[in-house]
1. For a quick check of your reading of the model, give me the residue pairs whose first member lies in the range 89-103 and is within 20 Å of Lys32 (Cβ to Cβ) and β-branched (Val, Ile, Thr), whose second is open to solvent by 90 Å² or more (accessible area, probe 1.4 Å) and modelled with pLDDT of 95 or more, with beta-carbon atoms closer than 7 Å and at least 6 apart or on different chains.
2. Would you confirm, using the coordinates I've provided, whether Leu81 is surrounded by 12 or more Cβ atoms within 10 Å (Cβ to Cβ), modelled with pLDDT under 95 and under 18 Å from Leu19 (Cα atoms)?
3. Within the range 24-37, which residues are in a helix (DSSP H, G or I) and either hydroxyl-bearing (Ser, Thr, Tyr) or open to solvent by 70 Å² or more (accessible area, probe 1.4 Å) (or both)?
4. Has the range 28-46 got at least one residue that is at pLDDT 90 or above and farther than 19 Å from Ala99 by Cα?
5. Within the range 7-23, how many residues are free of Cβ contacts under 8 Å to residues at least 24 places away in the same chain and either aromatic (Phe, Trp, Tyr) or open to solvent by less than 30 Å² (accessible area, probe 1.4 Å) (or both)?
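The values are calculated or read from the model by the stated rules, or taken from the named source; none is laboratory data. These numbers were taken from a predicted model, which means no experiment stands behind them. Cβ coordinates were reconstructed from backbone atoms using ideal geometry, including for glycine residues, and neighbour counts include every protein chain displayed. Keep in mind that these areas ignore ligands, DNA and RNA; they rest on the heavy atoms of the full protein, side chains included. Shrake-Rupley method; radii C 1.70, N 1.55, O 1.52, S 1.80 Å.
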Amino acid sequence: MSASLYSGKVAGKLLSVQLLTFVLLSAVFGLKGLEWSVSALAGGFAAWLPNALFMLFAWRHQANTPLSGRVAWSFAIGEALKVVITIALVVIALGVLKAVFIPLGITYLSVLLTQILAPAVINSYRA
């Protein structure tokens, strides 16, 4: 991976593209009904919010420039929190909101695919 993937500007663009992805998909699923639209929003939010919190966590630790051993631990702790928050949000969406699984799952996976593909596209425009 390129070192520019770790810059704050690229991370901000990535979060913006992910947010746009799940808002647009929610609008598309809104054609099927309000329940599908809310389910898509919940799925996108379950993928986007942990990423946003992880990036904020990483930026906070990047400013302090901790020792190299602490970087690995802070990354591991951040990833663990990201997984726990994701599971909690999906459980809340399915259990409390009674979300429809299809739009939730499609939107969740679309945001994850955006996380994988968007940095390559963003970096290709920077070159």
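1. Here the result reads Val100/Glu35, each pair linking the range 89-103 to a residue that is open to solvent by 90 Å² or more (accessible area, probe 1.4 Å) and modelled with pLDDT of 95 or more.
2. Working: surrounded by 12 or more Cβ atoms within 10 Å (Cβ to Cβ): yes; modelled with pLDDT under 95: yes; under 18 Å from Leu19 (Cα atoms): no.
In short, no.
3. Leu24, Ser26, Val28, Leu34, Glu35, Ser37
4. First, the residues of the range 28-46 that are at pLDDT 90 or above: 28-46.
When the remaining residues are screened for being farther than 19 Å from Ala99 by Cα, the result is none.
No; the residues of the range 28-46 include none that is at pLDDT 90 or above and farther than 19 Å from Ala99 by Cα.
5. Number of matching residues: 1.
For every residue, the table says whether it meets (1) assigned to a helix (DSSP H, G or I); (2) open to solvent by 50 Å² or more (accessible area, probe 1.4 Å); (3) closer than 21 Å to Ala58 by Cα.
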residue: Thr86; (1), (2), (3): yes, no, yes
residue: Val91; (1), (2), (3): yes, yes, no
residue: Gly105; (1), (2), (3): yes, no, no
residue: Ser110; (1), (2), (3): yes, no, no
residue: Ala120; (1), (2), (3): yes, yes, yes
residue: Ser124; (1), (2), (3): yes, yes, no
